[in-house]
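Below is one structure, written out as structure tokens; the observations come after it.
The values are calculated or read from the model by the stated rules, or taken from the named source; none is laboratory data. Small disclaimer: the values here were computed from a predicted structure and weren't measured. No Cβ is skipped: glycine too gets one built from the backbone with ideal geometry, and neighbour counts run over all protein chains shown. What goes into the accessible areas is simple: the full protein's heavy atoms, side chains included, and nothing from ligands, DNA or RNA. Shrake-Rupley method; radii C 1.70, N 1.55, O 1.52, S 1.80 Å.
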Amino acid sequence: MFERVSYHSSGKFISSGPWIHPDRVLDSHEIILVTQGVVHICEGNTEYALHPNDLLVLSAGVRH
């Protein structure tokens, strides 16, 4: 009835300057929570500008 959920890893990323998220396709979901600044990221053909307290779930199998 329910699909099993597994946990892979987590961490806190801090950038002291411009940074570009790696161009990749993962076989797992990725959760991004912004605490400071603005994060620009693209998933598939959709572009996002994330601000503090924004949360984005990147889908497995989609280029981001």
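A few remarks follow.
- Taking only protein heavy atoms and a 1.4 Å probe, the accessible area of the chain is 53% carbon and sulfur.
- Per-bin percent of Cα-Cα distances, the chain [5 Å]: 4, 14, 25, 26, 18, 8, 3, 1, 0, 0
- The chain - charge dipole about Cα centre, Lys and Arg +1 at Cβ, Asp and Glu -1, debye rounded to 20: 160 debye
- Relative to the current alpha-carbon distance between residue 25 and residue 40, full extension at 0.36 nm per residue lengthens the span by 3.7 nm.
- Peptides 13-23, 46-56 ranked from most to least packed by the mean count of surrounding Cβ atoms within 10 Å: 46-56, 13-23.
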